[in-house]
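Notes to accompany the following structure.
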Amino acid sequence: MGKAKARKNGLYGDISPELSALMRTGWADTERQDLEPAEQAPYAAARRAALSALFPGERLIIPSGNLKTRSNDDTYPFRPYSGYVHMTGDQARDCALVLEPRAEGGHDAYCYQLPRDGRDDDEFWLGYHAELWMGRRRSLAEAATVLGVATRDVRKITEDLAAAPAGVPTRIVRGIDPALEAAVTTDEELDEEFEGTLSELRLVKDAWEIGEMRKAVDSTVRGFTDCVAELSRAIATSERWIEGTFFRRARLEGNALGYGSICAAGEHATIMHWTTNDGPVRPGELLLLDAGVETTSLYTADVTRTLPINGTFNEVQRKVYDAVYEAQEAGIATVKPGASYRDFHEACQRSMTEKLVEWGFIEGPADRAYELGLQRRFTLAGTGHMLGLDVHDCADARNSEYVDGPLVPGMVLTVEPGLYFQADDLTVPEEWRGIGVRIEDDLVVTESGHENLSAGLPRTADEVEAWMAEFGG
Ligand code: GLY
Ligand code: MN
Ligand code: MN
């Protein structure tokens with residue numbers, strides 16, 4: 001490591017040899033001897049074993065990712081690649097898991113990590129991303145203990161890969177660490193397939209992961225009640241108050257949010273990804289709140305409730321709400337092992353199609369409307385997705401394993417029908433315009449059916465009103 005470059009507008013010039021010498025001495029040995037393997041370590045080992053079995057004789061590289069510049073010398077909060085987290089339980093930046101094939105079969109796993117900063121040059125106190133500025137990292141030995149996997153110095157990964165046995169087919173997850181990607185020769189198509197497999201290995205959660213999903217959802221339930229309790233302050237300010245209130249819960253009990261909270265009051269509820277959250281919160285309108293706490297282990301919930309800001313649904317709001325509830329009930333009822341992943345989607349969409357035909361907003365009969373997809377003018381989005389380390393988890397899985405596959409115990413998914421009547425939609429009566437309703441719950445598929453992890457929140461219109469009467473502020 002060389003001397004850090006002086007900052008252009010820094011107040012200090014040269015470093016005197018005396019200061020440099022002073023900085024390098026007098027530091028205690030802080031190596032931790034008290035660490036134990038993480039609870040997740042044996043689960044991560046089993047996940048690596050499953051991956052190893054799918055790629056005999058191949059070298060596999062899964063990077064964690066690097067810091068990304070936000071502006072000038074400021075960076076975004078670091079979020080590791082989910083495939084890396086899944087295979088290691090680790091969340092550190094600039095790392096990579098390498099599975100090196102053994103001649104006798106199987107793989108040796110090495111987790112390449114950024115070691116602690118030495119105190120033998122000036123980098124440790126001048127480097128902008130050094131520990132003294134960013135916080136202490138684990139030493140290689142500490143990381144090996146906690147993760148339960150051999151660790152190596154990531155600064156030597158290129159060297160190690162160059163010295164590794166030649167002729168071994170290699171795959172890397174692309175788009176995560178450009179420098180590391182440039183250091184290996186791989187086939188784009190095979191890399192894509194590898195990324196898909198990593199996604200597929202996350203489709204069924206293990207027992208430890210389901211425990212984390214419970215934590216994420218339980219905390220999210222508390223966050224939703226916080227928001228109801230703070231409604232009057234949101235009315236006095238804006239949707240931002242809701243956003244901040246939920247974020248406080250997420251940050252306090254977890255790492256952060258699993259995705260940008262959608263705090264959509266009034267006609268903003270018809271905008272699928274409304275995360276600007278700067279609009280007014282008006283009594284008489286609805287608030288659609290779609291938010292999820294991400295645990296410290298990075299598993300996220302994804303829950304939506306739609307509530308009347310004044311505590312009581314009006315007639316049209318209740319009509320829409322009841323239709324979405326009915327659709328969600330129809331969808332949830334299909335979630336069980338052996339069902340097709342598409343079943344809950346179809347049940348929700350059919351139910352809402354029937355309502356839209358009954359209301360005269362699309363032309364019937366309902367079967368024909370459904371075949372033609374006419375309901376999509378008002379349903380807009382899909383009706384659910386896998387959930388886990390990513391809010392839209394397992395997104396690179398093949399269709400045959402995901403959307404065209406069967407439900408299997410251990411899968412965690414959302415069921416989230418919604419109806420959205422745009423403010424400028426001339427095909428519906430005026431009092432329907434600007435109404436958006438979504439109800440979203442997080443389900444785990446069990447041996448006998450499913451469990452609704454977010455059942456702690458009210459779902460029927462009456463329950464929502466009672467909840468608001470009890471907690472509303
Ligand atoms: N919050 C994003 C989604 O519900 O899929
Ligand atoms: Mn969702
Ligand atoms: Mn959502």
*Let me know the Kirkwood hydrodynamic radius for the range 276-380, please, with Cα pairs as the basis and the value in Å to one decimal.*
15.9
*Calculate how large, on average over all directions, the projected area of the Cα convex hull of the range 258-312 is; give the answer in nm² to one decimal.*
3.9
*Given PRO365, GLY279, THR304, which one lies farthest toward the positive end of the charge dipole of the chain, if we put +1 on the Cβ of every Lys and Arg and -1 on the Cβ of every Asp and Glu?*
GLY279
*Could you give the spread of the C-alpha atoms of the range 201-343 along their three principal axes, from largest to smallest, in whole angstroms?*
45, 35, 22
*Which value, in Å to one decimal place, does the Kirkwood hydrodynamic radius take for the chain when every pair of different Cα atoms is included?*
24.9
_Two-decimal ratio, the range 91-217, of alpha-carbon radius of gyration to 2.2 N^0.38 Å_ = 1.24
*Order by neighbour count: LYS68, LYS215, LYS8, fewest other Cβ atoms within 10 Å first, most last.*
LYS8, LYS68, LYS215
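Given the chain, what count of lysine pairs have C-alpha atoms under 22 Å apart, with each pair 8 or more places apart or on different chains?
7
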*Fewest first, what order do GLU294, GLU100, GLU363 take by the number of other Cβ atoms within 10 Å?*
GLU363, GLU100, GLU294
*Difference of contour (0.36 nm per residue) and Cα-Cα distance, SER400 to TRP359*: 11.1 nm
*Order of GLU104, GLU371 under a 10 Å beta carbon neighbour criterion, fewest first*: GLU104, GLU371
*Of the beta bridges DSSP finds with both residues in the chain, what % are antiparallel, to the nearest 5?*
85
*Label-point gap, in nm, between ASP160 and ALA182 - each point 7 angstrom along Cα→Cβ*: 2.1
*Using +1 at the Cβ of each Lys and Arg and -1 at the Cβ of each Asp and Glu in the range 12-81, identify which of TRP27, THR69, ALA45 lies farthest towards the dipole's positive end.*
ALA45
*Computed E for SER448/ALA28 - FRET, C-beta separation, R0 56 angstrom, nearest 0.05*: 0.50
_At 0.36 nm per residue, and after removing the present C-alpha to C-alpha distance, how many nm does the segment from TYR12 to LYS336 gain when stretched out fully?_
110.1 nm
_Averaging over every viewing direction, what projected area does the convex hull of the Cα atoms of the range 333-452 cover, in nm²?_
8.2
*Estimated dipole of the range 19-173 in Debye, rounded to 20 [Cβ of Lys and Arg +1, of Asp and Glu -1, Cα centre]*: 500
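Computed from the coordinates by the stated procedures, all read-outs in this text should not be read as laboratory data. Treat the numbers as computed from the prediction; the structure is a model and nothing was measured. All Cβ positions, even for glycine, are placed from backbone atoms using ideal geometry, and neighbour counts span all protein chains on display.
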